[in-house]
1. Say we look at segment 53-70 and pick out the residues that are part of a helix (DSSP H, G or I) and loosely packed, with under 10 Cβ neighbours inside 10 Å; which of these is nearest to the chain's Cα centre (by Cα)?
2. Looking only at segment 6-52, how many residues end up being at pLDDT below 85 and either among the small types (Gly, Ala, Ser) or not in a helix (DSSP H, G or I) (or both)?
Amino acid sequence: MYRCTWCSLQTANKHKFFVFIVENAVWSRTLFMDFVLLSLFAIQHSAMASDTWKNLLNKLGLLVPERSIYIISTCLTIQVQTPLNHH
């Protein structure tokens, strides 16, 4: 019976990849957490740059302290990141 060399190479490479991931679980977890935290940061910035957010601030009369609210929320996002990175 003919055996495909490419298929056996793919299977071997998949096995090596999963062994690498398991052996480097700390690295994988760190990369995953970086992605989650970067996503959280991007969502916060995108939400605060939206017209909906700015209209809400306008209705509440908070256009003047808009930048301060932005800075405070960024600081809170960073504070969420700090405990997650230490586990």
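1. Pass one, segment 53-70, residues part of a helix (DSSP H, G or I): 53-60, 66-70.
From what is left, the residues that are loosely packed, with under 10 Cβ neighbours inside 10 Å are 59-60, 67.
Working: Lys59: 31, Leu60: 31, Arg67: 24 Å.
This residue is Arg67.
2. Result for segment 6-52: 5.
The values are calculated or read from the model by the stated rules, or taken from the named source; none is laboratory data. A quick note: this is a predicted structure, and the numbers were derived from the prediction, not measured. As a convention, Cβ positions derive from the backbone with ideal geometry for all residues, glycine included, and neighbour counts pool all protein chains shown.
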